[in-house]
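Sharing a structure, written as structure tokens. Questions coming.
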Amino acid sequence: MAKAVRKAIFPVAGLGTRFLPATKAVPKEMLPVVDRPLIDYAVSEARAAGIDTFIFITGPRNEPMLRAHFELVASLEAELNAKDPKLVTMLREMEPPRGSVHCVHQDRPLGLGHAVNCARDLIGDEPFAVLLPDDLMDCNPPALAQMVALHGKTGGNVVAVEEVPRELTRRYGVLDVGVDDGHMAEVKGLVEKPEPEKAPSTLTVIGRYVLLPEVFEHLALRQRGAGGEIQLTDAMAKMIGHAPFHGLRCGGHRYDCGSRVGFVEAQLAFAMKDDAMRDRLRDYMRRTSAE
Ligand code: UTP
């Protein structure tokens, strides 16, 4: 039987260059979609999947802000309580349990594989999840919960996957697909950022992973891949054939909040879910799209 997935890594040490100047002082994962920062959506998704240990891979500047976000200080609690106790309840519900949050520094952004490897001592010998908070997943059941359930049945590695137009393959890790039932696809091969004409398919890895700890053996070699970065995809590719490996289409919608257009789409989509905003926004969009 597969071991339970209890720990999750949130790599947030990237530079966020596509969002400069917003990300000069405010880390990308703290940018809000409506009224919650991106990191909050990812942490909630992880909690819904049964994660009880949250490991943030931080850059030199973003740890204080992350800690401040997830810790409720007594003075703020007292002030909010005087104003409206429901505010305190809301913030408490969002806060991970004490002692469950760890921050590990990635000194330089050498790539996603390098970032994940920074957590190896905290992970130990058990399967774990990786969530990239700039991929905002809106799925029911939540994406990571679906992946953890699949891992419980198949064991091995499970990655979330999505079809992309062929001209976009050079932005993603792309699957060479084996048996595919339209929901779950066997991974026969993986290529990081292939040119469209060389891509083995148009099924790509998006920012959710359930991985076996053996991936650290490959990450420890610190081999550089596409773009000169230490790529998680390359380390995962080395495990193909040694353990089960599946891609899961999680349904719902993925918003690429690392890109400006995806981020704005997420704002609109999440605002439209809110009864207090929907009618006014719909009117506004009708009026402006007719102009
Ligand atoms: P991105 O590829 O989106 O890079 O990283 P980025 O630096 O955040 O953004 P741009 O491309 O410059 O605009 C995907 C995720 O991996 C993390 C990022 O923080 C983001 O959550 N990451 C990436 C690291 O933690 N360390 C790295 O070395 C690279």
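Given that compact globular proteins tend to follow 2.2 N^0.38 Å, what is the ratio of the alpha-carbon Rg of region 126-191 to that value?
On the way: Rg = 12.7 Å, N = 66, 2.2 N^0.38 = 10.8 Å.
The value comes to 1.18.
How large is the Kirkwood hydrodynamic radius of region 227-278, in angstrom, based on all distinct alpha carbon pairs? Walk me through the numbers on the way to the answer.
Details: mean 1/r = 0.0687 Å⁻¹.
Averaging 1/r across every pair of different Cα atoms and inverting gives 14.6 Å.
Counting only DSSP beta bridges with both residues in the chain, what percent are antiparallel, rounded to the nearest 5? It would help to have the intermediate numbers written out before the result.
Working: 26 of 45 bridges.
In the chain, approximately 60 percent of DSSP beta bridges are antiparallel ones.
Taking a temperature of 25 °C and a viscosity of 0.890 mPa s, what whole-number D in µm²/s does Stokes-Einstein yield for region 42-120 with Rh from Kirkwood over alpha carbon pairs? Please list the in-between numbers first.
Numbers: Rh = 14.3 Å.
Answer, rounded: 172 µm²/s.
If Lys and Arg each add +1 and Asp and Glu each add -1, what is the summed charge of the other residues whose beta carbon sits under 13 Å from the beta carbon of residue 247?
On the way: positive: 188, 208, 249; negative: 162, 163, 176, 180, 181, 186.
Summing Lys and Arg as +1 and Asp and Glu as -1 gives -3.
Continuing with the same structure: Considering only the other residues whose Cβ falls under 12 Å of the Cβ of residue 230, what net charge follows from Lys and Arg at +1 and Asp and Glu at -1? Before the final figure, lay out each step's value.
Working: positive: 108, 222, 224; negative: 192, 229, 234.
Local net charge: 0.
Work out the length of the dipole vector of the chain about its Cα centre, built from +1 on the beta-carbon of each Lys and Arg and -1 on the beta-carbon of each Asp and Glu, and round it to the nearest 20 debye.
Approximately 320 debye in magnitude.
Using the crude model of +1 on Lys and Arg Cβ and -1 on Asp and Glu Cβ, and no other charge, please compute the dipole size for region 231-291 relative to its Cα centre, in debye to 20. Walk me through the numbers on the way to the answer.
Working: 10 positive and 8 negative charges, 17 e Å.
Here region 231-291 has a charge dipole of around 80 debye.
Right, another one. At residue 280 and residue 94, where each label point lies 7 Å from the Cα along Cα→Cβ, what is the point-to-point distance in nanometres?
2.0
Could you compute the FRET efficiency for residue 153 and residue 264, with r as their C-beta to C-beta distance and R0 at 35 Å, rounded to 0.05?
Numbers: r = 37 Å, r/R0 = 1.07.
About 0.40, to the nearest 0.05.
Measure off 7 Å from each Cα along the Cα-to-Cβ vector at residue 107 and residue 18, then give the distance between these two points in nanometres to one decimal.
With each label point 7 Å from Cα toward Cβ, the separation is 2.9 nm.
I would also like to ask the following. Taking the Cα atoms of the chain, report the difference between the largest and smallest coordinate on each principal axis, in whole Å and largest first.
Principal extents (Cα only, largest first): 59, 51, 37 Å.
Still on this structure, I have one more. Taking 7 Å along the Cα-to-C-beta vector as the label spot, tell me the residue 34-residue 164 distance in nanometres, rounded to one decimal.
My value for the distance between the label points is 2.7 nm.
Bin all alpha-carbon pair distances of region 120-239 at 10 Å intervals from 0 and give each bin's fraction as a whole percent.
Whole-percent P(r) values from 0 Å outward: 13, 44, 37, 7, 0.
Please give the peptides 193-200, 136-143 ranked by average Cβ packing (other Cβ atoms within 10 Å per residue), highest first, as a rough proxy for protection. Working shown, then result.
Details: 193-200: 14.1, 136-143: 19.2.
In descending order of packing, they fall as 136-143, 193-200.
Right, next: Would you list 92, 171 from fewest to most Cβ contacts within 10 Å? Mind showing how you got there, number by number?
Values: 92 10, 171 13.
Ordered from fewest to most neighbouring Cβ atoms within 10 Å, 92, 171 come out as 92, 171.
A follow-up question, please. Looking only at Cα atoms, what is the convex hull volume of region 1-154 per residue, in Å³?
Residue-normalised Cα hull volume stands at 134 Å³.
Something else about it: By DSSP, what percent of the beta bridges with both residues in region 126-263 are antiparallel, rounded to the nearest 5? Could the numbers behind the result be given before it?
Numbers: 24 of 29 bridges.
Antiparallel bridges: around 85 percent, rounded to the nearest 5.
Next up: What's the tally of Lys pairs in the chain whose alpha-carbon atoms lie under 19 angstrom apart, where the two lysines are 8 or more places apart or on different chains? Provide the component values of the computation, followed by the final result.
Values: 3/153; 7/153; 153/188; 188/198; 188/238; 193/238.
For the chain, the number of qualifying lysine pairs is 6.
A further question on this structure: Starting with the fewest neighbours, write out 123, 240 ranked by other beta-carbon atoms found within 10 Å of each beta-carbon. Write out the running numbers ahead of the final one.
Working: 123 21, 240 18.
Lowest count first: 240, 123.
Here is a follow-up. Can you give the percent of C-alpha pairs in region 163-233 whose distance is more than 20 Å? Let's see the in-between values first.
On the way: 818 of 2485 pairs.
Beyond 20 Å sits 33 percent of the P(r) for region 163-233.
Could you please report the charge total around residue 11, scoring K, R as +1 and D, E as -1 over all other residues with beta-carbon less than 14 angstrom from its beta-carbon? Walk me through the intermediate numbers first.
Working: positive: 7, 28, 108, 120, 208; negative: 29, 63, 107, 134, 135, 229.
Net local charge, residue 11 excluded: -1.
Here is a follow-up. Please state the shape class of region 68-182: rounded when a/c is under 1.5, otherwise prolate if a/b exceeds b/c and oblate if not, all from the C-alpha gyration tensor.
Details: a/c = 2.12, a/b = 1.80, b/c = 1.18.
Since a/c reaches 1.5 and a/b is larger than b/c, the shape of region 68-182 is classed as prolate.
Values in this text are rule-based calculations from the coordinates and carry no lab data. Worth saying up front: this structure is predicted, and the values here are computed from it rather than measured. We place every Cβ from the backbone using ideal geometry, glycine too, and count neighbours over all the protein chains shown.
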